[in-house]
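Structure, as structure tokens:
The values are calculated or read from the model by the stated rules, or taken from the named source; none is laboratory data. Worth saying up front: this structure is predicted, and the values here are computed from it rather than measured. Positions of Cβ are backbone-derived with ideal geometry, glycine not excepted, and every protein chain shown enters the neighbour counts.
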Amino acid sequence: MGFRGFFNTLIPGSNKQSAPPHQQPQNPPAEPPEDFADYTLDDVIKFTSTMGSGFLGARTMGRLSERLLDIAFDERDVSEKDRNSAAVLYESLVKDIEQGLASHPDGLVAFKAAQEMHFESLRSYGRGSLCWLISAPGLTDTDMINIIIESENGALLPRFINIAPDVWNGFKAKVLKMLIYDRQRSGESNAVFILAGLVAASDQVAFNALTFNERSALLNASMDYSSARQVLVNYRLLPEVSSALPFEPRVDSGVIAQIATLSVKGDDGESPWNDNALSAHPEFNDDQKAGIGVVLVALRIYVWLETLEGLYGKAYASNVEESFKNVLSSSWSSLEHIIEVIRGSKRESGKETATVGWDSMIAIGYMEAYMPNDDTMPEETKMSLYHAAIKIYNAEHVYWMNQDRFLLRYLSLSNSFITLIPDTEGHRRISVHSQVV
């Protein structure tokens, strides 16, 4: 790979620089090969020691420098010792070339440009690139896809997609399918929400594998499920026509408001959110746990309102929001503020220049508010808290996007007599007598 032959035109007439007679080898070797592609590091060292740098022309030294770069940053069956040695020898050779071109500024500029081009090529195809990783001998398509979806390889995807669009287009549907299965958490079953959740959590593979328009559709999954679903339909990961049952007839908004309220507020007035997810992270203090709990309550309300507006319209969702305000009157002001932050984060992550998912923005933002102000917390511990908070928030987000639709569909498909009856304390409670049809 590379730009062999470039140095033919570096400096006219300077392809071979003869040393004074007393410095030339007694038995000058044969003309250097046109291509050093088969040379090992030992071959290169032997060649240069035999020829002597003063006997080598710019073209030959250029080809040697490319070969050393390939040994250091591309070849597979090369020891780390030889890679390091090739890199060191390359630096030495470059100094010789640049000294030789010192009196030819145009040639020096051209040489440096060629080196940068070769480095750029190595970034795309060389050791550590996604092209290099998936082109290892003996890999099956499944092996390649498993490499692509590894979290640490997500950052490599944009360059790979740019240089090999046809290859990527052939892989993309399989990559998305495998990604959904690989990242699926216990209890998650809706592929649309799983993929939407991955983007929201800044999963680098999901974020970079999808186009801006695809991410935008998934970002709005709870409000516009059909458009988000179409992303998967386009890759034949879901059938064109959904077999899911409808959400009609709709249930009275007062009933939905009661059910939605129960999902965010227990009988004791506290959030029913279970903090078992924090058991693996004892470094969370009580304030951080409480902060996460409040944010998750606001998230549940937000998902309910988005889902209802998407299915039944703004007026219906507004009626339910009024019920939230009445029931959660004492804490509504703080919850409403967090809901606005969630909306704002969604707008920010919906910009074409965004590189972070909105769940990540929110979780990290609120964790910052509960971090010590004295900077005594080790950076590693802080990052662990951030990642834990993102994971908890994102899991809750995906769960309630699916759960809300499940509850609405169940109620819509029930041949029910659903009424709001006063309890002994005068509060309205839900009474359901139904036969599922």
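Quick notes on this one:
- Contacts under 9 angstrom Cβ, first residue in the stretch 250-261 being assigned by TED's automatic domain parsing to the domain that holds L408 and more than 10 Å from L411 (Cβ to Cβ), partner of a type in the set (A, V, I, L, M, F, W, C) and assigned to a loop (DSSP other than H, G, I, E, B), 6 or more apart: T261/L328
- E214 being more than 12 Å from the chain's Cα centre (by Cα), of a type in the set (D, E, K, R) and surrounded by 17 or more Cβ atoms within 10 Å (Cβ to Cβ): yes
- Filter result for A290 (under 25 Å from A221 (Cβ atoms) and among the aliphatic types (A, V, I, L, M)): no
- Number of positions in the stretch 50-64 that are at pLDDT 75 or above and either hydrophobic (A, V, I, L, M, F, W, C) or more than 21 Å from E98 (Cβ to Cβ) (or both): 2
- Residues in the stretch 245-260 that are in a loop (DSSP other than H, G, I, E, B) and within 38 Å of the chain's Cα centre (by Cα) were compared, and the one that is surrounded by the most Cβ atoms within 10 Å (Cβ to Cβ) is F247.
- Residues of the stretch 323-339 that turn out to be part of a helix (DSSP H, G or I) and either surrounded by fewer than 12 Cβ atoms within 10 Å (Cβ to Cβ) or not charged (D, E, K, R) (or both), as a count: 11
- Given (1) touching a Phe, Trp or Tyr at 6+ places or on another chain (Cβ under 7 Å); (2) exposed (fewer than 14 other Cβ atoms within 10 Å of the Cβ); (3) part of a helix (DSSP H, G or I), index of the condition L296 fails: (2)
- Candidate set from the stretch 147-164 (those that are over 15 Å from the mean Cα position of the chain (by Cα) and part of a helix (DSSP H, G or I)); member that is surrounded by the most Cβ atoms within 10 Å (Cβ to Cβ): I163
- Criterion (in contact (Cβ under 8 Å) with a residue 40 or more places away in the chain and not assigned by TED's automatic domain parsing to the domain that holds V205) met by exactly one of I364, I338: I338
- Unique match (being surrounded by fewer than 14 Cβ atoms within 10 Å (Cβ to Cβ), on the phi < 0 side of the Ramachandran plot, at pLDDT 80 or above and within 29 Å of the chain's Cα centre (by Cα)) among S242, S279: S242
- Scanning the stretch 185-198 for residues that are closer than 17 Å to R229 by Cβ and surrounded by fewer than 23 Cβ atoms within 10 Å (Cβ to Cβ) yields E188, S189, N190, A191, I194.
- Verdict on I390 being buried (at least 19 other Cβ atoms within 10 Å of the Cβ), in contact with a Ser or Thr (Cβ under 7 Å, 6 or more places away or on another chain) and of a type in the set (V, I, T): yes
- Of the residues in the stretch 75-97, at least one is more than 37 Å from the chain's Cα centre (by Cα) and small (G, A, S).
- Filter result for R229 (among the basic types (K, R) and buried (at least 20 other Cβ atoms within 10 Å of the Cβ)): yes
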